[in-house]
Amino acid sequence: MKIDHSLPLEYSTEENRLKVLGFWIFLGAEIALFSTLFAVYFTLANRYGNGPSAKEIFELKPVLIETFLLLTSSFTIGLGIHAMRLGLKKAMMTFFMITLVLGLGFLGVEITEFVTYVHEGATMQTSAFLSSLFTLLGTHGAHVTFGLLWGTAILLQVRKHGFTPETANKSFIFSLYWHFLDVVWIFIFSFVYLKGLM
Amino acid sequence: MKWDEFFVTGEPMIYASMVAIAVVSLAIPIGLTYFKKWGYLWNEWLTTVDHKRIGVMYILSALLMLFRGGVDALLMRAQTARPENGLLDAQHYNEIFTTHGVVMILFMAMPFVIGLMNVVIPLQIGARDVAFPRLNAISFWLFFAGAMLFNISFVIGGSPDAGWTAYFPLASPEFSPTVGNNYYSLALQISGIGTLMTGINFIVTILKMRAPGMKLMKMPMFTWSVLITNVIIVFAFPVLTVALALMMFDRQFGTQFFAMQNGGMDMLWANLFWIWGHPEVYIVILPAFGIYSEIISTFARKNLYGYKSMVISMVAISMLSFVVWAHHFYTMGHGVMVNSVFSITTMAIAVPTGVKIFNWLLTLRKGKIEFTTPMLYSLAFIPIFTIGGVTGVMLAMASADYQYHNTMFLVAHFHYVLIPGTVFAVIAGFYYWFPKVFGFRLNERLGKLSFWVIVVSFNVTFFPLFILGLNGMTRRMYTYSASTGFGPLNLISAIGAVGLAIGFIILVYNIYWSVRYSPRDTTGDPWNARTLEWSTHSPVPVYNFAKVPTVDSLDAFWFSKKNKTPLAEGAYEPIHMPSNSGMPFIMGIAFFFAGFFLVFSWWLPAIIAGLVILGTMAFRTFERDHGYHISVEEIERTEEALRGERK
């Protein structure tokens, strides 16, 4: 394995460069996936049948908390990658752990929100609007959940092996994934919640 | 659930299939044990990450599925061969045309194309493997798991019966109460994930792993077509992923996406399906165009005419493919404006396609044409595909389409584009690249015989359907009365179908005959071809190229032969290779069972299978595997043996 020391560790081998490009293309596919979910949501957003409408169930407070948690986590993972470039293992691990805790917090609020909806009689089966809402939010939430597992696995490897071309590459790719989830959330916040509250 | 609900009962043909499946599933392990081949199977095939072997497995599965889909086709043609025929009842006929469509498109055409990509692309760009060999194996096993899951549906639980398009509300639990459409959503989902991974893998491979000097505009045309195809895959397949997930939610969790009440919208399914479905058509046709470009240029002994316009046409087709989807349902209630827009975009596709047809014709002009079997298929493709294309433009005219929408005219049209387009191409590619993989050519006499039988029978089978469609016979009718007058033409079509079956049997016999008797090729370049894959030995050593070739022009191998300049210089260096892994295979099995349990809504076993899938992923992330190196001595030994200098 040839290591090119003029590049950051996550780009230092041929294999690593391929993986970063591959992951960007995967994110392209993810954009197509979420675009489809958004299209489905926009199509069905006003078709709530006998169920509640968006205005009746959305509440700003939990959503703002979720937004705050997730946006902050995107910032902290950026700091984590910066620490990795500087070779600061402890700082990197701390920032990654903060990121994951914030992610967990986001997930907790989202699950509480879902439970509230269901208690108000707004379930996935009630109307097409709610089916599409739960699917869009649920897909994003499932991505966050998977990210928590993945991030933990990477942290364990960094703890054991330190910064190697492999662990650096994995951490960097994970950060791309995490930022992407944040971008999707910004769209959800603006076009699902804010629009729904108007 | 009782056993008679679990297994499909009451049909002698189904019982016969059950017996056949039981016999085969017993025969395989017994045979493997008797011939002591378990180790060989595991080490050389099930755990392989070698793109050539994965390609061979794709193609073998595709041939198997061609047989399955072909039997469906024969049953349909037999049922409609005469009026009021009682061979199949309506339900059984519905299931058969549904599985015929799904199997032929998703489990025959796609894997055949992807198999050829796997075999050829790394060789054609001078690479040692694809970018992510392990992911490639996962792609294959997910496709295979999906295909097997779909195929067991006809004995366990019942096949999907709402057409390969699975339109709602027909595919809803209300009108399609068996688990058939659960199989549809899950089997396609699993193999679709595999296809998406293939897409990513090949884009990175082609963008990043080309031989030094091979600029984008110096890539062989097949490589170009595959690059564009994979871009379409990456953007089209997520739409299918979503559509299938919503279908599963509607059918199994009671959501209201495509429901008839509570705000649901059945047309949403049709739109989502075709936003994926139309690009899908180009996913199977563009690589076919690439294959024809290679073959026509090789056997006309000329470089491809209009290289740049070929590339531009394909890019144009790939973009247009995403903006024509509504032409599949002009009659289903959108207004004049929408119909007009989609009419125009659809007809626009004829322009780049026409450019390509003329480029092939001009490549042939003044060429020293050699009529080999792959070339015969390519030459037959041009006129027959053009008939398919012209009838496509007829269908594209929205107002005229009201006359023949969903008639046999449409059926004839898409068979006229898909069979000469994709099926002839993959057969041609199969004949063309077969010696590269196995080291000997398929017999030309048998090849030409099966070609003529297939081409003639194809027209006998499908041309009558144009007339039947214009006479008003709708598709998917399981029977008709004698007074309609549809009988004679349907009978001719059925005779043609038998001819097609005979043609394919000759093809399979040809493989058997050639394995035993065909003379072995020692040159590595039996067709006197132009691209890099022919510059290495046949069969190809595991590392593909002992030295990485350097390229300075299109058709570099052709010029290196002509000018007698070597493609690669310097000494051998140790070659880094990925190690085999059983993980993709285990993942495939886990996906198969997860899918199977979900079909029957057995949640607990499904969750356990899902945890196994997560487990394989965790295993992968904690695994330390840096592959292995092939030493210089070993390369020298292999190369000498392949040159025949050492026994």
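When the stretch A:32-49 is filtered for residues that are part of a helix (DSSP H, G or I), open to solvent by 30 Å² or more (accessible area, probe 1.4 Å) and at the interface with chain B (Cβ under 7 Å from one of its Cβ atoms), only A:Thr43 remains. Across the stretch B:186-220, the qualifying residues are those that are away from chain A (no Cβ under 14 Å) and not in a loop (DSSP other than H, G, I, E, B), and the one among them that is nearest to B:Asn303 (Cα to Cα) is B:Lys218. Is it true that B:Phe619 is of a type in the set (Phe, Trp, Tyr) and within 14 Å of chain A (Cβ to nearest Cβ)? In short, yes. Tell me yes or no: at least one residue of the stretch A:133-152 is modelled with pLDDT of 95 or more, over 22 Å from A:Pro52 (Cα atoms), assigned to a helix (DSSP H, G or I) and aromatic (Phe, Trp, Tyr). Yes, some residue in the stretch A:133-152 is modelled with pLDDT of 95 or more, over 22 Å from A:Pro52 (Cα atoms), assigned to a helix (DSSP H, G or I) and aromatic (Phe, Trp, Tyr).
The single residue among B:Leu268, B:Leu304 that is assigned to a helix (DSSP H, G or I), among the aliphatic types (A, V, I, L, M) and open to solvent by less than 40 Å² (accessible area, probe 1.4 Å) turns out to be B:Leu268.
Restricting attention to the stretch B:251-274, the residues being facing another protein chain (nearest Cβ under 8 Å) and either hydrophobic (A, V, I, L, M, F, W, C) or within 16 Å of B:Ser185 (Cβ to Cβ) (or both) number 8. Candidates in the stretch B:224-237 are the residues that are surrounded by fewer than 24 Cβ atoms within 10 Å (Cβ to Cβ) and not aliphatic (A, V, I, L, M); of these, the one that is nearest to the other protein chains (Cβ to nearest Cβ) is B:Phe235. Elements of the type helices (runs of 4 or more DSSP H) sitting completely within the stretch B:347-457 and holding at least 2 residues that are open to solvent by less than 30 Å² (accessible area, probe 1.4 Å) and of a type in the set (Phe, Trp, Tyr): these cover B:373-396, B:408-418, B:424-438.
Filtering the stretch B:599-630 to residues that are open to solvent by less than 40 Å² (accessible area, probe 1.4 Å) and over 21 Å from B:Ile54 (Cβ atoms) leaves B:Val599, B:Phe600, B:Ala606, B:Ala609, B:Gly610, B:Gly615, B:Thr621. Screening A:Gly121, A:Gly162, A:Gly196 for residues that are touching a residue at least 60 places away in the same chain (Cβ under 8 Å), small (Gly, Ala, Ser), open to solvent by less than 20 Å² (accessible area, probe 1.4 Å) and at positive phi leaves exactly one candidate, A:Gly162. Quick check on the stretch B:85-92. Is at least one of its residues touching a Ser or Thr at 6+ places or on another chain (Cβ under 7 Å), modelled with pLDDT under 95 and at positive phi? No: zero hits. Among residues of the stretch B:443-472 that are within 23 Å of B:Phe430 (Cβ to Cβ), those with a Cβ under 7 angstrom from a residue that is β-branched (Val, Ile, Thr) and assigned to a loop (DSSP other than H, G, I, E, B), sequence gap 6+ or separate chain, pair up as B:Glu444/B:Thr372. Condition test on B:Phe585, is it open to solvent by 20 Å² or more (accessible area, probe 1.4 Å), aromatic (Phe, Trp, Tyr) and within 14 Å of chain A (Cβ to nearest Cβ)? No: the conditions fail for B:Phe585. Could you tell me how many of the residues in the stretch A:13-31 are surrounded by fewer than 21 Cβ atoms within 10 Å (Cβ to Cβ), more than 9 Å from every other protein chain (Cβ to nearest Cβ) and touching a helix residue (DSSP H, G or I) at 6+ places or on another chain (Cβ under 6 Å)? Count: 2.
Exactly one residue out of A:Leu136, A:Leu104, A:Leu148 is within 14 Å of chain B (Cβ to nearest Cβ), within 21 Å of A:Ser175 (Cα to Cα) and touching a helix residue (DSSP H, G or I) at 6+ places or on another chain (Cβ under 8 Å): that is A:Leu148.
Yes/no matrix, rows are residues, columns are (1) in a helix (DSSP H, G or I); (2) closer than 22 Å to A:Lys195 by Cβ; (3) under 18 Å from the mean Cα position of the chain (by Cα); (4) away from chain B (no Cβ under 14 Å):
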| residue | (1), (2), (3), (4) |
| --- | --- |
| A:Lys55 | yes, yes, no, yes |
| A:Lys61 | yes, yes, no, yes |
| A:Ile65 | yes, yes, yes, yes |
| A:Leu71 | yes, yes, yes, yes |
| A:His82 | yes, no, no, yes |
| A:Thr99 | yes, no, yes, yes |
| A:Thr116 | yes, yes, no, yes |
| A:Gly121 | no, no, no, no |
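B:Arg53 meets the conditions (1) in contact (Cβ under 8 Å) with a residue 12 or more places away in the chain; (2) surrounded by 17 or more Cβ atoms within 10 Å (Cβ to Cβ) in every case but one. The failed one is (1). In this structure, B:Met577 does not qualify as surrounded by 21 or more Cβ atoms within 10 Å (Cβ to Cβ) and in the same structural domain as B:Gly192 (by TED's automatic domain parsing).
The values are calculated or read from the model by the stated rules, or taken from the named source; none is laboratory data. Everything numeric in this text was worked out from a predicted model, so none of it was measured. So basically every Cβ, Gly included, is an ideal-geometry build from the backbone, and we count neighbours across all protein chains shown. We work out accessible area using only protein heavy atoms, side chains counted, and drop any ligands, DNA or RNA first. Shrake-Rupley method; radii C 1.70, N 1.55, O 1.52, S 1.80 Å.
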